[in-house]
Amino acid sequence: MSFVSEIFMQRFRISKSFLDLWQNYLDQFQSIFIFSRSQILFQMKLPGAQICIKYFMLTRNCQKNILTIQLINFMKQQNVIYQLIILTILVTNIGYSIVFPIIPIVADDKDLYKYEIGIIFAMFPLGNVFSSSLMANRELKKNTIIIGLATCSISYVLLELTNYLNGDYYFFITASIRFVNGIGANMAQVPSYALIPKLFPENSQQQIATLEMTGGLATVLGPLFGAAFSIFADYLEISSSLMTFLFMAITHMAIAILINIKMDKSLVETKKKQEFQFGIKDLFKNKQLLFLSFNYCLQVLVVMGSRTQLSIELKDTYLLPSYQIQLMFVTSTFVYLITAWVIARTQSQKQQQIFNVGLVFGAVSQFFYAPKVLNLPESPLIICFADLFRGSGFGIGCVLMMPLALITLHNSQKFRETSNLIGSALYLGCWSFGDFLGPLIFGALNDVIGFEKSCFLLASIQVIFLLFYFIYQYSNKSNKIGILIEEK
C-alpha cells in the first residue's frame, strides 16, 4: 500500500477493504475517459463518490476534470444491486405475510382442524431453517437468488391450485408447498444479506437496518395488499386468492428476470471456493457466537409465540374491538421500524452493549403481558406499554445481531473468506427457527396454563439465559466489540 493511500485512509476513516473492493473492479479495465467538471459534480451525488474522487485524485495524480469511467460504473452497479436486494427482501416478506388472511379461511371451509392450520403456517419457517443450514456452506452466486425467487413464483401458482383439493389432500399438499416456499424465500434472502458487507464494508450496519425496516414494512403491507386484492376481486367477481397468488407469482418472477439482466456477476459472486464447512460443531466451539445466536433465537421465539395468541387475549380478556387490536399490532411494528432506523444511524462502538439492552427490553416486556401475575390492573395501557418495549427491543436485536456475528466470524482465520454468507445464513436461520418453534411452544403452553402464565414463564426463562450470557461476557471481557474467542 502506498504512502498516499495510508494518509487517505486515516484522513477519511475508511478501511483498506473499502479501497481494495474498488481497486479489484478497476483492475478489470484499462481505458481512461475524460469528463468535464459538470459531469464529475453530477456523479458526486452517487454513494461514496466524493471520497472516491479524492482518493483517485491523490493516488493517480489526476486533474480535477479527470475521473475513470470504471469508478462511475462501479458506483452505478453498487446502487443497482442494492435496489434489487431491497426489492427481493420486500417481495419475499410480503409473500410471507400476505397469506395470513387467505389460508385460514380456505382451510376452515375445508374443515381442517386448528392445529392443522398452525402446521401449514409453521412449514414456511421450517423451510427457512432447512435451507439456512445448506446456504451457509455454498458459494455466493446471483443464480441462487434467481432460483429462490423462481421457486417462490411457482409455489404461489401451486397454492392457488390447491383450492381444488379437499381434506387431507389439501392439508398435506399445501403444507408441502409452504415448506418449498420457505426454502425459495431463504435462497433469495441469505445471499442478499450476505452481499451487504461485501458492497458496503464501511456502513453495512446501516444498510442491514434498511433491509430490516423493509422486511418489517413488508409484513405490514402483506395483509393490506391481501385486503385490497380481496375488494378488487369482489368487484371483478373473481377469486381473491387467484388475484393475490397470481400477483405474487408475477412479481417474484419479474424481479428474478431483473436480477438476471441487471446484476453484475463480478461484483456479486465469490471467486474462491471455501476450504472449510461451517457446521453445528463450529457454532458450539465458538462460545461468543453460540451465546449470541441462542439469545437472539430465544428472543424471536418468545416474541413470535406470544404474538400469535395476543389478539385472542385482547379480544376475550380486554374486550377490545377488532380495529383497536389491529391498531396495537401496527403500533408495535411502527416502534420496531423507528428503533431499527435510529440504531442504524447511531455511530457507536458499543454495539454489544446496545444489543444487550435490546435483549433486556424484550425480556422485560413479556412480564407486562401478565398483569395478573404481577398484581397489576388489567388495562390495555399496560399491554401498550409492553408493546413499546417489545418493539424497541426487537428492533435493536434484529439490526445488531448480524453485524456482531460478522465481527466474530471475520476475525476467525478459518471462516474469514465466507463470513458474510455464514453470518447471513446464521441470522436468518435463528429468526426462522424461533419463528417456527415460537407458535408451537406458546400454543401448547397456552392450552395448559393460559396466556399470562405462559408469557411470565417464557420471560423468566429468557432472563435466566440472559444472565448466563452477561456473566460469560464479563468473565471473558467480551463486552467490547471485536473480541474473538480463539478456536483451537
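Think of each Lys and Arg Cβ as +1 and each Asp and Glu Cβ as -1; about the Cα centre, that makes the dipole of region 91-183 roughly 460 debye. Modelled label positions at Ser133 and Ala233, each set 7 Å beyond Cα in the direction of Cβ, lie 3.5 nm from each other.
Quick one: accessible area per residue over region 299-424, 1.4 Å probe, rounded to a whole number of Å²?
42 Å²
Exceedance of the 26 Å cut-off in Cα-Cα distance is limited, within the set Lys141/Lys287; Lys142/Lys285; Lys285/Lys350, to Lys141/Lys287; Lys142/Lys285. Taking chymotrypsin sites (Phe, Trp or Tyr not before Pro) across region 90-131, the ones in a DSSP loop with at most 13 further Cβ atoms lying within 10 angstrom of their Cβ are Tyr113.
Once you reduce region 150-197 and region 347-392 to the center of their Cα atoms, the two points are 34 Å from each other.
Split the accessible area of region 100-180 by element, probe 1.4 Å, and carbon with sulfur accounts for 67%.
Contour minus end-to-end for Asn79 and Lys262, with contour as 0.36 nm per residue of separation and end-to-end as the Cα-Cα distance?
So the extension gain works out to 64.8 nm.
Suppose the chain between Glu378 and Asn476 were pulled fully straight at 0.36 nm per residue; how much longer would it get relative to their current alpha carbon spacing?
Length difference between fully extended and current span is 31.0 nm.
Distance distribution note for region 346-385: the fraction of Cα pairs above 16 angstrom is 48%.
Quantify, in whole percent, the carbon and sulfur part of the accessible surface of region 320-470 (1.4 Å probe; protein heavy atoms only). Heavy-atom surface of region 320-470 belonging to carbon and sulfur, 1.4 Å probe: 71 percent.
Computed 3J(HN,Hα) for region 206-215, one whole-Hz value per residue from the Karplus formula 6.51 cos²θ - 1.76 cosθ + 1.60 where θ = phi - 60°, is 5, 6, 5, 4, 4, 5, 5, 5, 4, x, glycine and proline marked x. Dipole orientation for region 320-433: of the candidates Gln352, Phe329, Ala386, Gln352 has the Cα lying most toward the positive pole (charges on Cβ; Lys, Arg +1; Asp, Glu -1). Using only alpha carbons, build the gyration tensor for region 302-400 and give me the equivalent ellipsoid semi-axes, biggest first, whole Å. Computed over region 302-400, the values are 27, 15, 10 Å. The slack in the chain from Gln349 to Asn166, taken as 0.36 nm per residue of separation less the alpha-carbon distance, amounts to 60.3 nm. Note on Ile461 and Asp447: the model spin-label points, each 7 Å out from Cα along the C-beta direction, lie 1.6 nm apart.
The values are calculated or read from the model by the stated rules, or taken from the named source; none is laboratory data. None of the values given here were measured: they were computed from a predicted structure. In this analysis, Cβ positions are derived from the backbone assuming ideal geometry, glycine residues included, and neighbour counts consider all displayed protein chains. Accessible surface is based on the protein model in full, side chains and every heavy atom, while ligands, DNA and RNA are left aside. Shrake-Rupley method; radii C 1.70, N 1.55, O 1.52, S 1.80 Å.
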